[in-house]
1. Determine which member of the set Glu89, Glu82 is out of contact with any strand residue (DSSP E or B) (no Cβ under 8 Å at 6 or more places or on another chain) and under 26 Å from Glu36 (Cα atoms).
2. Identify, please: which residue in the stretch 348-388 is assigned to a loop (DSSP other than H, G, I, E, B) and of a type in the set (Val, Ile, Thr) and is, among those, modelled with the lowest pLDDT?
3. Of everything in the stretch 56-66, what is over 16 Å from Ser120 (Cα atoms) and crowded, with 18+ Cβ neighbours inside 10 Å? Give them in sequence order.
4. For the condition part of a helix (DSSP H, G or I), modelled with pLDDT of 85 or more and open to solvent by less than 20 Å² (accessible area, probe 1.4 Å), what is the one hit in Leu439, Leu391, Leu424?
5. For Pro307, state whether it is under 27 Å from Lys418 (Cα atoms) and not in a helix (DSSP H, G or I).
6. Just checking, how many residues over the stretch 289-343 are hydrophobic (A, V, I, L, M, F, W, C) and in contact with a His (Cβ under 8 Å, 6 or more places away or on another chain)?
7. Limited to the stretch 289-312, what total is found for residues that are at pLDDT below 90 and not small (Gly, Ala, Ser)?
8. Do the conditions hold for Leu75, that is, is it of a type outside the set (D, E, K, R), over 28 Å from Glu155 (Cβ atoms) and not assigned by the TED database to the domain that holds Val242?
Amino acid sequence: MPIQLTINEYRNPNVCQKYNEILLRGQIEIINLVQEMKSAFSDQDDFFIQDAQFDGTAFFLIGFNTLVDFTKSNLYVRQMAERSASIHELFLNLSDKLDVDLAQLKKAVLEGKLVLISESGRNAVMESVPQSLRRSIEEPRNESPIQGPLDAFGEDIDLNIGLIRKRLGTERLCLCSYQVGELAKQRISMLYIRGKAQTALIEKVDQQLKQIESDIETIDDLNKHLGQRILSPVSHLFATEVPVQAIHSLKKNRIVLFLENQPFALVFPHLISDMLHTANDRNLPFGLSLMIRALRGLGVFATLVLPALYVALTSVNPEILKTDLALFIAESREGIPLTPVLETLIMTILVDLITEAIVRLPKSVGPTVTMVGGVVLGQAMVEAKLVSNLLVIVITFMLIASSAVVGVQNALYIRSLKYPVFILASVYGIVGLIVGLALISIYLSSLTSCDIPYMTFRMKGKEDIK
């Protein structure tokens with residue numbers, strides 16, 4: 001509050017001199033504060049300090065042009081000034097954060113807020129009108145819902161939480177937020193349904209998130225803090241950009257995490273059932289839904305087995321085939337200089353490279369690469385007698401089967417697991433194929449997330465634990 005003197009105090013020269021000294025010291029402090037803010041962001045071209053006047057008192061508006069819409073924010077300040085009788089009342093009308101220290105003022109500027117500093121010794125942190133830096137609600141780009149809502153998550157974490165609350169209007173939906181990071185504090189939000197998710201799971205995740213001190217920029221960064229094994233292709237988190245899928249996971253006793261500036265929800269823990277069914281499957285009759293899940297399971301099996309089975313039957317164990325089938329395979333490979341192992345490895349790697357190129361290239365170029373790589377190049381290799389027609393059929397079948405899996409990350413790790421099975425089958429034949437599948441099953445069974453096995457198809461909730 002500005003210092004006020006009575007008439008008798010004003011007539012006293014000693015008191016008046018002391019008052020002037022206090023005012024002078026306060027002005028010097030304000031000037032120093034403004035200079036500190038200016039020097040802290042002196043190398044930022046988008047930083048501004050704009051002076052203004054109200055009721056005979058000067059004050060400064062401080063912020064970033066790239067984060068604050070200064071024209072609209074300044075207009076709002078002027079409108080509030082018309083309704084205020086003093087600079088103190090103006091600051092009270094604009095903000096509930098008054099007279100904070102220098103560190104909090106700097107943090108507020110970096111967060112895109114507007115800082116006001118008056119010559120009377122007051123400062124305030126105001127919620128400014130932000131620049132339009134967010135996308136509106138759009139359709140999913142990596143998922144294709146069938147007979148379901150077409151809205152998708154965006155980069156705004158509050159918008160994503162709002163999409164969940166709009167569909168799940170219950171007081172049992174709980175939200176916990178965390179500020180993590182070393183260079184820049186980043187927000188992580190955790191959602192769960194009280195009475196559904198296990199208390200032990202919530203406490204463990206809460207403890208792990210509170211212990212994060214480093215910057216979290218990717219899903220893998222968050223995975224490391226949740227206990228991911230080194231070089232493990234299986235993530236603790238299942239990413240989805242569809243709100244319906246996130247809500248379905250919440251109802252199935254799991255936790256949903258939102259990472260700031262990431263347009264998807266992270267379901268924890270990630271279970272093997274996530275690659276076999278989606279929330280939109282429930283829109284279909286039970287029989288059709290069951291058939292689709294069986295086809296996805298067949299796709300996982302075909303992705304792991306087909307290349308290894310081709311190599312095992314053509315180079316290691318051809319004797320288990322019928323004579324006419326063995327002769328057919330031998331005829332299809334007539335004139336091919338490469339061994340079955342080498343030609344299968346080349347085709348498998350080539351298909352993975354084409355798939356990755358399609359994802360990375362612009363949409364205007366991707367279809368062209370698909371045509372050249374998938375049709376022209378494949379046909380040329382067959383005509384040049386580098387690969388057999390049968391192998392092209394096997395690899396094409398494998399590619400289609402891997403695309404039936406739900407989730408991009410699930411398809412990627414299933415595709416990566418086919419190589420160990422392929423190597424074992426190329427050495428030991430059918431025995432190596434069976435051993436490879438057994439080792440993968442053992443490995444996946446050993447994975448846990450907060451003591452919850454990855455191979456669990458139905459996660460127990462709080463009410464299921466006695």
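The values are calculated or read from the model by the stated rules, or taken from the named source; none is laboratory data. In this text, all values refer to a predicted model and were calculated from it rather than measured experimentally. Every residue, glycine among them, receives a Cβ derived from its backbone with ideal geometry; neighbour counts consider all protein chains shown. The accessibility values were calculated without ligands, DNA or RNA, using every heavy atom of the protein model including side chains. Shrake-Rupley method; radii C 1.70, N 1.55, O 1.52, S 1.80 Å.
1. So the residue among Glu89, Glu82 that is out of contact with any strand residue (DSSP E or B) (no Cβ under 8 Å at 6 or more places or on another chain) and under 26 Å from Glu36 (Cα atoms) is Glu89.
2. If we take residues in the stretch 348-388 being assigned to a loop (DSSP other than H, G, I, E, B) and of a type in the set (Val, Ile, Thr), then Val365 is modelled with the lowest pLDDT.
3. Residues satisfying the conditions are Ile62, Gly63, Phe64.
4. After applying the criteria, what remains is Leu391.
5. On the way: under 27 Å from Lys418 (Cα atoms): yes; not in a helix (DSSP H, G or I): no.
Judged against the criteria, Pro307 is not a match.
6. Residues flagged as hydrophobic (A, V, I, L, M, F, W, C) and in contact with a His (Cβ under 8 Å, 6 or more places away or on another chain) within the stretch 289-343 amount to 1.
7. Qualifying residue count, the stretch 289-312: 0.
8. Spelling it out, it is not the case that Leu75 is of a type outside the set (D, E, K, R), over 28 Å from Glu155 (Cβ atoms) and not assigned by the TED database to the domain that holds Val242.
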